[in-house]
Amino acid sequence: MSEKNYVILAGGVGAAKLIEGLVYTIEPELLKIIVNTGDDIELFGLKICPDLDIITYTLANLVDKEKGWGFAKETFNCLNILKKFYNTGWFNAGDKDLAIHIYRTDLFRQGFNKTEITNLICQKLGVKSHIIPMCNAPVETFITTPEKSMHFEEYFIKYQYKPEVLNIELKGIENAVPVEGVINYIKNAKRIIICPSNPIVSIGTILQVKGIKNALTQVKDKVYAISPIIKGETVKGPADVLMKCVGLDVSCVGVARFYKEFLGNFIIDKMDCKLKPKIQDLGIKTYCYDTLMTNLRKKVKLAQYVVSL
Ligand code: GDP
């Protein structure tokens, strides 16, 4: 197998920013993007895969660039009617987005699996990169708060990640095996890039799929990660709260400790450069760069940097 492929481990919005830069840097066909499906959810009778959709819409150039998720120029007419019948109207499914969920659900009903469905959606939307769900088996992330246990999407969107988190549970993870070919892609990759995604509920979930962590450990020198934590804070989302919940320090050092078994190279933000020695002490080559991707130019620059190292 050729060593031309780049394997990318991805969550949603944070990952999509880097991937947008990567397709300006590497031929899109060479990207094998393994995407978290631990926040998949069924709502309104439809199968929804939030992270797969974010990455797909980004690569199909259809994404709402301001928000980083959903379709650009979206309308919400269907959702406004659905709200009359369901109390799950907090999930911001736009009209165009719902078309994808309907198509996906229809294909599931016809017997296709998640990988086949993702391939079909990508093909129809003109995505050249290979987007691969982390597994075909259903996995759902549940968050326990003092009030109740709820789906991660409810905690994230409806409750805006405000409630205290007591526990994180990945329902179904014991059945999660990688999609055929993925372990070989990792073993034979030119480079493996771990996006600046939520280390606990995006990357951490992929790492719990049987065999993935072990495969990464075998090619440690080729594994590069970008820290999603800058100056002890998340750029967006609940990574800080969830890192604390599993006993990690909220810093790029905390992320490095979490990844250290399989991480050979770590790109931290230039504002965290003073922490570089602490990470190098873990046996990880550490680089400082501007990792805040606020526009396309910065996304491309970071992608070029990661590829050039
Ligand atoms: P989600 O599933 O949509 O929340 O997205 P991800 O898991 O892919 O990414 C969430 C993480 O991305 C958060 O921890 C953010 O701190 C991080 N993130 C978002 N944008 C940036 C950025 O521009 N630079 C860096 N370094 N991290 C980012």
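State yes or no: is Asp97 in contact with an Asp or Glu (Cβ under 8 Å, 6 or more places away or on another chain) and within 13 Å of the ligand (Cβ to nearest atom)?
Values: in contact with an Asp or Glu (Cβ under 8 Å, 6 or more places away or on another chain): yes; within 13 Å of the ligand (Cβ to nearest atom): no.
No: the conditions fail for Asp97.
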Scan region 41-52 for residues that are surrounded by fewer than 24 Cβ atoms within 10 Å (Cβ to Cβ), touching a residue at least 12 places away in the same chain (Cβ under 8 Å) and among the charged types (D, E, K, R) and jot them down. Lys47
Keeping to region 136-183, report how many residues are over 20 Å from the mean Cα position of the chain (by Cα), in a loop (DSSP other than H, G, I, E, B) and of a type in the set (Gly, Ala, Ser). 0
Cβ contacts < 7 Å: first residue farther than 20 Å from Tyr287 by Cβ and among the small types (Gly, Ala, Ser), restricted to region 226-239; second residue more than 6 Å from the ligand (Cβ to nearest atom) and assigned to a strand (DSSP E or B), any location; separation 6+ or different chain. Result? Ala239/Ile229
Pairs under 8 Å by beta carbon, first residue within 19 Å of Val223 (Cα to Cα) and among the β-branched types (Val, Ile, Thr) in region 277-301, partner part of a loop (DSSP other than H, G, I, E, B) and within 12 Å of the ligand (Cβ to nearest atom), six or more apart or different chains? Thr291/Pro196; Thr291/Ser227
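Of the residues Leu22, Leu9, Leu79, which is under 17 Å from Leu98 (Cα atoms), of a type outside the set (Val, Ile, Thr) and buried (at least 17 other Cβ atoms within 10 Å of the Cβ)? Lay out the reasoning, then the answer.
On the way: Leu22 fails: under 17 Å from Leu98 (Cα atoms); Leu9 fails: under 17 Å from Leu98 (Cα atoms).
From the options Leu22, Leu9, Leu79, the qualifying one is Leu79.
Taken together, the values in this text are just the output of simple stated rules run on the coordinates, not laboratory data. The structure displayed is predicted, hence computed values, not measured ones. Neighbour counts run over all protein chains shown; Cβ positions are idealised from the backbone, glycine included.
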